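Chemist: Following this message is one structure expressed as structure tokens.
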Amino acid sequence: CQASTDTHDTSFRKDDLPAHGVSEVIVGVLGGGQLGRMLCQAASEMAIKVMVLDPLANCPASAIAYDHMVGSFDDSATVQEFAKRCGVLTVEIEHVDAATMEKLEQQGVDCQPKASTIRIIQDKYLQKVHFSGHGIPLPDFVQIDDLEGAKRAGDLFGYPLMLKSKRLAYDGRGNAVAKSEEELSSAVNALGGFDRGLYVEKWTPFVKELAVIVARGRDNSISCYPVVETIHKENICHIVKAPAAIPWKIRKLATDVAHKAVSSLEGAGVFAVELFLTKDGQILLNEVAPRPHNSGHHTIEACYTSQFEQHLRAVLGLPLGDPSMKTPAAIMYNLLGEDEGEPGFHLAHQLIGRALNIQGASVHWYDKPEMLEARLKSMLKEEGSESRTAVTPRVGIIMGSDSDLP
Ligand code: ADP
Ligand code: MG
């Protein structure tokens, strides 16, 4: 909560819930994209008020949020102003102003998860340093500052070599693969040059990508959702299969690694842990998101407590809900479109039409504005951003308990 007196105590005891609605506390969410929107949807069912901060007046969450402040979640003064209006501050995107969150915490503002977590996660290199320091298995990695350094890393790890931007990465924007030493400089250029802050990872020839949504309450209790398999198309999550078809030993190992990774971070909320399963049965951590995630959308229909409800419960100090599945299996398809008028958009509409004919399938529309360039430009304001403004907004997801979706 804020230090001022007009806020509420957010730490409930299980037997001490208010009589009207589950919480009087206003949850402030930095970011009003589709995840913010889905948080608002879950909140409305629980009589929880969610306010979002997003620069786009027509951001996906704006139509259903209790309130929407139009402004940048990466701007200190704006975030401070926003925080004054909420009882607890959380995020639906990690690329927010971590320094301001730290300052706000010192002033007594209740941030969940903690600013320290956001700071670690929003820099992928720092994330790797943090998790390896906590004994979490992950692909070998090293920072690179110049072409010589990149070549040394190539000699060390071999090719293909994965180059990554430390910051502002999502949906594969921020990754470049060099298949040989000759391709190093073009990979570096594709990422905007060394000034952006780059590192390399050893290529991991995984047999499956897995993900675990982990919830942590304000009392540090931890609850893990069943392990899912994620299938990416062009670095974007395309299909999620729940539960993952893996032996129980792998399931246990993946859950243990995810549990350990989240235990090393501070604050409440849901966290998505992306993992690689290797041929020899190892689980390596890829990255963690400190928020609901597209690998957890199936939880809306397929689990007793959706990841969005769970996030709200966690940040408000309410009891965590049951993460287990209430359907034997579920599958999530993520449909992509171009901007309106482009073929991709119509294709998405056609597929959604077909999905509606499948018993047990549900459609969730992200309601993304036509182009996300304004938001991207505000996020990628550093040098080299021009080459990365080509946008493919996600227009929707469909999910169902059947595997014969389109
Ligand atoms: P983003 O932040 O865009 O999700 P990730 O670092 O998770 O970026 O990478 C996107 C995808 O690229 C991963 O889901 C995986 O398919 C692939 N990938 C990432 N790192 C490696 C690696 N070290 N080896 C092989 N594939 C990788
Ligand atoms: Mg990822």
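Read-outs throughout are calculated quantities, based only on the coordinates presented, and are distinct from any laboratory measurement. Everything numeric in this text was worked out from a predicted model, so none of it was measured. A quick note on method: Cβ atoms are made from the backbone with ideal geometry, for glycine too, and the neighbour counts reach across all protein chains shown.
Chemist: Stokes-Einstein diffusion coefficient for segment 167-206 at 25 °C in a medium of 0.890 mPa s, Rh from the Kirkwood formula over Cα pairs: what value in µm²/s? Don't jump to the answer; show the numbers that get you there.
Modeler: On the way: Rh = 10.9 Å.
Reported coefficient: 224 µm²/s.
Chemist: I need two numbers for segment 55-188: Rg to one decimal and Dmax as a whole number, Cα atoms only, in Å.
Modeler: My reading of the Cα-based Rg and Dmax gives 18.8, 54 Å.
Chemist: Still on this structure, please answer the following. Could you put E234, E309 in order, starting from the residue whose Cβ has the fewest other Cβ atoms within 10 Å? It would help to have the intermediate numbers written out before the result.
Modeler: Values: E234 9, E309 27.
Ordered by Cβ neighbours within 10 Å, fewest first: E234, E309.
Chemist: What Kirkwood hydrodynamic radius, in Å, does segment 50-93 give when the mean of 1/r is taken over all pairs of distinct Cα atoms and then inverted?
Modeler: Numbers: mean 1/r = 0.0950 Å⁻¹.
About 10.5 Å for segment 50-93.
Chemist: Regarding segment 232-328, what are the three Cα extents along the principal axes, ordered largest first, in Å?
Modeler: Cα spread of segment 232-328 along its principal axes, largest to smallest: 40, 31, 29 Å.
Chemist: While we're here: For a quick check: sort I213, I246 by the number of other beta carbons within 10 angstrom, fewest at the front.
Modeler: I246, I213
Chemist: For segment 299-308, what does the Karplus curve 6.51 cos²θ - 1.76 cosθ + 1.60, with θ = phi - 60°, yield as ³J(HN,Hα) per residue in whole Hz, taken in order and with x for Gly and Pro?
Modeler: Result, rounded to whole Hz: 5, 4, 9, 9, 10, 5, 10, 6, 4, 6.
Chemist: Still on this structure, please answer the following. For segment 115-201, what Kirkwood radius comes out of the mean inverse Cα-Cα distance, in Å?
Modeler: Computed over Cα pairs of segment 115-201, the Kirkwood hydrodynamic radius comes out at 13.1 Å.
Chemist: From the backbone phi of segment 258-267, what are the Karplus-calculated ³J(HN,Hα) couplings (6.51 cos²θ - 1.76 cosθ + 1.60, θ = phi - 60°) in whole Hz, Gly and Pro given as x?
Modeler: Coupling constants for segment 258-267: 5, 4, 5, 4, 5, 4, 7, 9, 10, x Hz.
Chemist: I need the chymotrypsin sites (Phe, Trp or Tyr not before Pro) found in segment 64-93, filtered to DSSP loop residues with at most 16 other beta carbons within 10 Å of theirs.
Modeler: When the chymotrypsin sites (Phe, Trp or Tyr not before Pro) of segment 64-93 are filtered for loop state and at most 16 Cβ neighbours within 10 Å, Y66 remain.
Chemist: Report Rg(Cα)/(2.2 N^0.38 Å) for segment 138-262, keeping two decimals.
Modeler: Normalised by 2.2 N^0.38 Å, the Cα Rg of segment 138-262 equals 1.24.
Chemist: Sorted from fewest to most neighbouring beta carbons within 10 Å, what does the list I250, I118, I236, I48 look like?
Modeler: Listing I250, I118, I236, I48 from fewest to most nearby Cβ atoms yields I236, I250, I48, I118.
Chemist: Against the globular-protein guess of 2.2 N^0.38 Å, express the Cα radius of gyration of segment 62-129 as a ratio, rounded to two decimals.
Modeler: For segment 62-129, the normalised Cα radius of gyration comes out at 1.12.
Chemist: Counting other Cβ atoms within 10 Å, which trypsin sites (Lys or Arg not before Pro) in segment 208-288 have at most 12 and lie in a DSSP loop?
Modeler: Answer by residue number: K279.
Chemist: Next question, about the same structure. Indicate the gyration tensor shape class of segment 119-160 (rounded, prolate or oblate), computed on the Cα atoms with a ≥ b ≥ c the square roots of the eigenvalues: a/c under 1.5 is rounded; otherwise a/b larger than b/c is prolate and the rest oblate.
Modeler: oblate
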